[in-house]
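Student: My questions will all concern the structure given below.
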Amino acid sequence: MALLEIKGLRGGIRDQDIINGIDLTINRGEVHAIMGPNGSGKSTLGKILAGHEEYAETGGTVRFNGKDLFELTPEERANEGMFLAFQYPVEIPGVSNAYFLRAALNERLKYRGEPEISAGAFRRLLNKKMEQVDMDPELARRPVNEDFSGGEKKRNEIFHMAVLEPTLSILDETDSGLDIDAMRIVAHGINQQRTADNAMIVITHYQRLLDYVVPDYVHVMYQGRIVKSGMKDLALELEEKGYEWIREEVEAAG
Amino acid sequence: MTEALKQVSTDRYASFHEAYDRIRGREAPLWLHRIRSDAMKRFGELGMPVARELSFPLKEDWVYTDLRKIADTSYYAEPVEAELDETALAPYEFGQNGWHRLVFVNGIYSSALSRVTDLPRGVVVSSLADALVEHPDLVHPHLARYADFERTGLTALNSALLEDGLFVYAPHGGILETPVHVHYVTTGHKTLMATQPRTLIVGGDGANLKVVESYSGLTEQSYLTNAVTEIAVGRDGHAEHYRINREGAGAAHLSTTQLRLEENGRISTFNMSMGGALTRNDTNARLAGEHAVVRMNGLYLAAGDQHVDNHTAIDHAVPNCDSYEVYKGILEGRSRGVFNGKVFVHQDAQETDAKQLNKNLMLSPDAMIHTKPQLEIYADQVKCTHGATVGQLDEDQIFYLRTRGLSHDSACNLLTYGFAADLIRRLGIDAVRSSLDTLFETTIRDLSMARDQSVR
Ligand SMILES: Nc1ncnc2c1ncn2[C@@H]1O[C@H](COP(=O)(O)OP(=O)(O)OP(=O)(O)O)[C@@H](O)[C@H]1O
Ligand SMILES: [Mg+2]
């Protein structure tokens, strides 16, 4: 059974569709890159999948883990194993990263009917994960994303992902705003979490991330649709030629 | 005031007059008799501050908090004996075992529930009634010297009926490492009880004191607490003061806290209000010596029909003093909040640094807040800033937390916690910090449970 199965998905804000019919099947163990020009609907797809209340699906179906995704609240989706790394991570003043992650982890354990994690076990887990994604322990103590630099926020998303161990991660431009070293570290962190059991959707504008996190498939989104899919070479081709030829192809197809 | 009105107001406060007559009949030093009789006389003139009966400028202080119902209630003003054991107090316990603790039940000192352990030389921690017998020379120069009963009816009432409360004294250089916790408890043994707790905290030059003052109600019934606290430290003196209001659901909690600082003195006070049907705190500081620093912080949480009013006043009387004030409010249900922050900078109080901030988080569309800075600055070389915000929980923040698996309610609770957590995190004493942190978290959870129930 596919981990995620999107069929004919449409949706957007209020009375305006931004996603105009998407079909996408993702199996465990796969990494799918989604590329496409600004404003093509990549982040909107992520938000609809994660359940943002401002966005609504207007057609199609999505099954996640065999369940009807739209029957699930955002937190149920998360606790079923979905994770959205935000293009613009949100600041949560006054709540330390570590405190928050423990709360999130416990919600997950509760959802699965497992006992809460002890303080000691959590500390050990946190230390292990900080090491894995090369996270500054100071950032784990500070309030979530508050006054973090742009790059630190992105790294924090990967840190959250490492702690929560999702089965489906949607990484929305996690590479943008990172310096060259940070990009390598983040890519390493992502790769560390790649297993045969989980899958990732990597939204990016740059081939560079895909040099490290090598995708199984590359999709191009344009005007709320996936207009082209291919293997990893497609990303190289886009890097070289830009999106103009895609536009032309779409228009030619009418 | 017309004669007719005066007549009404005397009858209105008949039980307070009776209590006064009883107290006056007891043996006491002449100076104390004098305080009580002057205060009673003044209370006779002022009565309770009921806005519609006041004239400018007093009226201004009471526009949003209506004490009419309280003024018209005939309270039972005598102390009420009640047996309490540790288990009844357990949910309201605070701090650590080693702390000095004084417990007053319905205005009566409970020696069974209180304990004062080893004290440094010259330091006094006792009930005020005991101190009046054993150390009148220490009490006399300070009692009723800072909280002026000529100015307000509530302080006059408390001073007229003052019998007991906490007395803490540290002489020149006296350092009280172990915090003192005074616990004023009201039980449901009598309806419509009124108590007048009085707290006096005095530190000499270079003294250092830590006091937690808490008010708890073990009943849902109506009752009145009218408390006055005076805190004065000498040159280079330090005091840390925490005030926690966990009054019962039917309570009216009226309080005046008066701080006085001399040269280089430091007082930090933190006021946490969550109990009571109606709360009004007046927290005032007078910076009387140069280079003194006062920190005046507060946190108020209200739900249902609760009303919570914090009036603060900082009086920069001399140059080179700093005042830092942050008050945060969390308002749920149909609750009402009031914040009025007065900063008065005298003409020669140059180089004053005064910062004030009031932030409010509205968890319900039916809650309301009146917030007002009131800066009166007569010096020209000063730094005075103030800010007030009123906001709601942010949908993007809620969504972010939900994508990490937190339920909508947990997300709201966590954000509410985060809204004010910085105030608690900054507190000086570890044990106070962790106790308040836990209390704050539980209160937020209770607020959200109250919300869920009211929705159903
Ligand atoms: N809440 C919203 N209100 C109005 N318009 C929106 C909203 N969310 C998205 N849109 C519009 O939908 C379109 C797609 O936006 P989206 O953020 O999904 O693009 P994207 O592919 O992620 O772009 P980028 O590469 O710049 O991140 C844009 O035209 C955007 O302006
Ligand atoms: Mg985007």
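Student: Applying the selection to the stretch B:412-423, what residues are more than 8 Å from every other protein chain (Cβ to nearest Cβ) and farther than 17 Å from B:ASP446 by Cβ?
Tutor: B:LEU423, the sole residue that qualifies.
Student: List, please: which pairs have Cβ atoms under 6 Å, are six or more places apart or on different chains, and start with a residue in the stretch B:13-36 that is in a helix (DSSP H, G or I) and end with one that is of a type in the set (A, V, I, L, M, F, W, C) and surrounded by 16 or more Cβ atoms within 10 Å (Cβ to Cβ)?
Tutor: That search, which allows pairs on different chains as well, returns B:SER15/B:ALA77; B:PHE16/B:ALA77; B:ALA19/B:ALA77; B:ALA19/B:LEU161; B:TYR20/B:MET40; B:TYR20/B:ALA160; B:ILE35/B:ALA144; B:ARG36/B:ALA160.
Student: Looking at the stretch A:143-157, is at least one residue modelled with pLDDT under 95, within 15 Å of ligand 1 (Cβ to nearest atom) and in contact with a Pro (Cβ under 6 Å, 6 or more places away or on another chain)?
Tutor: no
Student: Given the criteria within 16 Å of ligand 2 (Cβ to nearest atom), under 24 Å from A:VAL90 (Cα atoms), within 14 Å of chain B (Cβ to nearest Cβ) and of a type in the set (A, V, I, L, M), does A:ILE170 qualify?
Tutor: Here the answer is yes, as A:ILE170 does meet what is asked.
Student: Would you be able to say whether some residue in the stretch A:124-132 is under 21 Å from the mean Cα position of the chain (by Cα), facing chain B (nearest Cβ under 9 Å), within 19 Å of A:PRO166 (Cα to Cα) and crowded, with 18+ Cβ neighbours inside 10 Å?
Tutor: no
Student: I would also like to ask the following. Could you run through the stretch B:58-111 and say how many residues are within 21 Å of the chain's Cα centre (by Cα) and of a type in the set (S, T, N, Q)?
Tutor: Residues in the stretch B:58-111 being within 21 Å of the chain's Cα centre (by Cα) and of a type in the set (S, T, N, Q): 2 in total.
Student: Which ones in the stretch A:13-35 are over 26 Å from A:LEU210 (Cβ atoms) and either more than 15 Å from ligand 2 (Cβ to nearest atom) or at pLDDT 95 or above (or both)?
Tutor: A:ARG14, A:ASP15, A:GLN16, A:ASP17
Student: Can you find a residue that is farther than 28 Å from B:LEU287 by Cβ and more than 14 Å from chain A (Cβ to nearest Cβ) anywhere in the stretch B:380-400?
Tutor: Yes - at least one qualifying residue is present in the stretch B:380-400.
Student: Could you look through the stretch A:36-70, keep only residues that are within 14 Å of chain B (Cβ to nearest Cβ) and of a type in the set (Val, Ile, Thr), and pick out the one that is farthest from ligand 2 (Cβ to nearest atom)?
Tutor: Looking at residues that are within 14 Å of chain B (Cβ to nearest Cβ) and of a type in the set (Val, Ile, Thr), I get A:ILE48.
Student: Further question on the same structure: Tell me yes or no: at least one residue of the stretch A:241-253 is touching a residue at least 24 places away in the same chain (Cβ under 8 Å) and at positive phi.
Tutor: No.
Student: Does B:MET272 meet the test of being over 15 Å from B:PHE344 (Cα atoms), under 15 Å from the mean Cα position of the chain (by Cα) and assigned to a strand (DSSP E or B)?
Tutor: yes
Student: Within the stretch B:387-456, which helices (runs of 4 or more DSSP H) (wholly inside it) include 2 or more residues that are under 14 Å from B:LEU299 (Cβ atoms)?
Tutor: Here the list reads B:408-425, B:430-455.
Student: Quick check on B:LEU259: is it touching a Leu at 6+ places or on another chain (Cβ under 7 Å) and closer than 23 Å to B:LEU128 by Cα?
Tutor: no
Student: Hey, another quick one. Would you confirm whether or not the stretch A:189-204 contains a residue that is more than 16 Å from ligand 2 (Cβ to nearest atom) and in contact with a His (Cβ under 8 Å, 6 or more places away or on another chain)?
Tutor: yes
Student: Let me ask you something else. Among the residues of the stretch A:208-225, which ones are within 16 Å of ligand 2 (Cβ to nearest atom), within 26 Å of A:GLU248 (Cα to Cα) and not in a loop (DSSP other than H, G, I, E, B)?
Tutor: A:HIS219, A:VAL220, A:MET221, A:TYR222, A:ARG225
Student: Can you find, within the stretch A:71-116, the residue that is nearest to the other protein chains (Cβ to nearest Cβ) among those that are buried (at least 16 other Cβ atoms within 10 Å of the Cβ) and polar (S, T, N, Q)?
Tutor: Checking each candidate, the answer is A:ASN79.
Student: Further question on the same structure: Identify the residue in the stretch A:13-32 that is free of Cβ contacts under 8 Å to residues at least 60 places away in the same chain and near ligand 1 (Cβ under 10 Å from one of its atoms) and, among all such residues, is surrounded by the most Cβ atoms within 10 Å (Cβ to Cβ).
Tutor: A:ILE13
Student: Further question: Test each condition in (1) closer than 19 Å to B:LEU154 by Cα; (2) out of contact with any strand residue (DSSP E or B) (no Cβ under 9 Å at 6 or more places or on another chain) for B:ASN245 and report the one that comes out false.
Tutor: Failed condition: (2).
Student: Quick one: in the stretch A:147-171, of everything that is among the charged types (D, E, K, R) and under 21 Å from the mean Cα position of the chain (by Cα), which residue is surrounded by the fewest Cβ atoms within 10 Å (Cβ to Cβ)?
Tutor: A:GLU165
Student: Go through (1) in contact with a Leu (Cβ under 8 Å, 6 or more places away or on another chain); (2) at negative phi one by one and return the number of the condition A:ASN65 breaks.
Tutor: Condition (2) is where A:ASN65 drops out.
The values are calculated or read from the model by the stated rules, or taken from the named source; none is laboratory data. All values reported here derive from a predicted model rather than from experimental measurement. Cβ coordinates were reconstructed from backbone atoms using ideal geometry, including for glycine residues, and neighbour counts include every protein chain displayed.
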